[in-house]
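First comes the structure, then the notes that go with it.
The values are calculated or read from the model by the stated rules, or taken from the named source; none is laboratory data. Computed from a predicted structure; not experimentally measured. No Cβ is skipped: glycine too gets one built from the backbone with ideal geometry, and neighbour counts run over all protein chains shown.
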Amino acid sequence: MEIIIQKTPDAGCLLGAKIMAKKVREKPDAVLGLATGRTPERLYGELVRMHREEGLDFSQVTTFNLDEYVGLSPDHPQSYRRFMNEHLFDHINIDLARTHVPAGDAADLQAECRAYEQRIAAAGGIDLQLLGLGRNGHIGFNEPTGSLRSRTWIKILSEQTLEDNSAVFGDMAAMPRHAISMGIGTIIDARQIVLLAFGPAKVRAVMDMIEGPLAAVCPGSALQQHPRATVVLDEASAGGLRYADHYRWVDSHKLAWQRYD
């Protein structure tokens with residue numbers, strides 16, 4: 001893993017946006033895997049700014065979102081399709097036909113999961129996958145103890161995830177208990193991965209992901225085996241890392257072509 005520690009979450013999001021913009025400029029028809037939630041909102045805002053002020057072109061880009069709640073229609077206020085439209089797609093020149101979010105309201109959820117995998121394969125696979133990290137170490141909605149080789153499927157949300165995400169639904173009782181999510185195997189197939197994790201609440205998950213063993217109890221630890229995974233942290237989330245000074249040293253001594261500036 002490449003570990004980059006930034007001073008603040010805002011700085012981390014700006015760096016994440018630079019990495020994604022670099023990919024789009026290098027490969028205008030890039031296939032991007034996208035995440036939702038509070039963590040990437042600032043990143044998407046920066047991509048919108050780059051589009052408006054710097055001409056960052058998304059016209060040939062294809063996207064696949066990590067997940068969607070089961071039972072929510074695309075226009076539901078808390079659906080991830082609605083989130084993506086409001087925070088990114090409505091503000092850039094992307095073809096909405098090229099944007100893909102699992103259909104949480106599909107009549108046959110199992111068929112939708114298999115079809116989602118097929119759509120990713122038909123697009124040539126994901127060039128760059130954006131991830132967040134749950135407090136229990138989940139990536140996508142792959143909760144602890146799930147298979148590290150799983151594919152897109154229906155996931156049962158943990159109590160921790162329900163607690164963390166319930167605020168936007170008003171209370172936990174109103175929140176769906178299931179989601180369609182890319183599997184860990186699907187995520188690891190991406191050619192490049194960028195994971196953002198910020199704040200003191202993520203300290204334990206970050207420690208387990210980076211310096212703990214490769215283990216299903218911390219799904220994010222699967223990134224230890226990825227050949228090109230970048231983890232962007234802030235000072236707070238990096239607070240428990242034993243080798244934080246080493247990661248800073250490595251980052252400060254990169255060659256010019258290894259930097260994202």
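A search for C-beta distances below 6 Å between a residue of region 120-132 that is under 20 Å from Gly220 (Cβ atoms) and any residue that is surrounded by fewer than 22 Cβ atoms within 10 Å (Cβ to Cβ) and not hydrophobic (A, V, I, L, M, F, W, C), counting only pairs 6+ apart in sequence or on different chains, returns Leu128/Lys23; Leu128/Gln192; Gly132/Gly37. Scanning region 22-59 for residues that are farther than 18 Å from Gly134 by Cβ, buried (at least 16 other Cβ atoms within 10 Å of the Cβ) and either of a type in the set (Asp, Glu) or at pLDDT below 95 (or both) gives a single hit, Glu46.
Being within 19 Å of the chain's Cα centre (by Cα) and outside any helix (DSSP H, G or I) is a condition met by no residue of region 241-252.
Taking each residue of region 176-189 that is farther than 8 Å from Thr152 by Cα and looking for partners that are aromatic (Phe, Trp, Tyr) and at pLDDT below 95 with beta-carbon atoms closer than 9 Å, six or more apart or interchain, yields Pro176/Phe169. Scanning region 206-240 for residues that are of a type in the set (Ser, Thr, Tyr) and part of a loop (DSSP other than H, G, I, E, B) yields a single hit, Ser237.
Cβ-Cβ distances below 9 Å connect the following pairs, each with a first residue in region 142-157 that is surrounded by fewer than 16 Cβ atoms within 10 Å (Cβ to Cβ), a second residue that is aliphatic (A, V, I, L, M) and part of a strand (DSSP E or B), and a separation of six or more residues or different chains: Ile156/Ala179. You will find that of Ala244, Ala256, Ala236, Ala222, the residue that is more than 27 Å from Asp189 (Cβ to Cβ) and either in contact with a strand residue (DSSP E or B) (Cβ under 9 Å, 6 or more places away or on another chain) or among the charged types (D, E, K, R) (or both) is Ala244 and no other.
Considering region 139-174, the residues that are charged (D, E, K, R) and not in a loop (DSSP other than H, G, I, E, B) include one that is farthest from Tyr80 (Cα to Cα), namely Glu159.
Selection over region 185-201 of residues that are farther than 20 Å from Arg42 by Cβ and buried (at least 24 other Cβ atoms within 10 Å of the Cβ) gives a count of 3.
Yes/no per residue for (1) modelled with pLDDT of 95 or more; (2) within 19 Å of Arg81 (Cα to Cα); (3) in a strand (DSSP E or B):
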position: Gly124; (1), (2), (3): yes, no, no
position: Gln129; (1), (2), (3): yes, yes, yes
position: Gly137; (1), (2), (3): yes, no, no
position: Pro176; (1), (2), (3): no, yes, no
position: Arg204; (1), (2), (3): yes, no, no
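Considering region 73-114 alone, what residues qualify as being hydrophobic (A, V, I, L, M, F, W, C), assigned to a loop (DSSP other than H, G, I, E, B) and over 30 Å from Arg52 (Cβ atoms)? If the condition is that a residue be hydrophobic (A, V, I, L, M, F, W, C), assigned to a loop (DSSP other than H, G, I, E, B) and over 30 Å from Arg52 (Cβ atoms), then Ala103, Ala106, Ala107 are the ones that fit.
Which residue, of Ala103, Ala17, is within 20 Å of the chain's Cα centre (by Cα), buried (at least 20 other Cβ atoms within 10 Å of the Cβ) and either among the acidic types (Asp, Glu) or closer than 28 Å to Ile210 by Cβ (or both)?
Ala17
Screening Gln160, Gln118 for residues that are surrounded by fewer than 17 Cβ atoms within 10 Å (Cβ to Cβ) and over 29 Å from Arg204 (Cα atoms) leaves exactly one candidate, Gln118. So which residues in region 20-41 are in a helix (DSSP H, G or I) and either under 13 Å from the mean Cα position of the chain (by Cα) or among the acidic types (Asp, Glu) (or both)? Of everything in region 20-41, those that are in a helix (DSSP H, G or I) and either under 13 Å from the mean Cα position of the chain (by Cα) or among the acidic types (Asp, Glu) (or both) turn out to be Met20, Glu26, Glu41. Scanning region 202-259 for residues that are surrounded by 14 or more Cβ atoms within 10 Å (Cβ to Cβ) and hydroxyl-bearing (Ser, Thr, Tyr) turns up Ser221, Thr230, Ser237, Tyr247.
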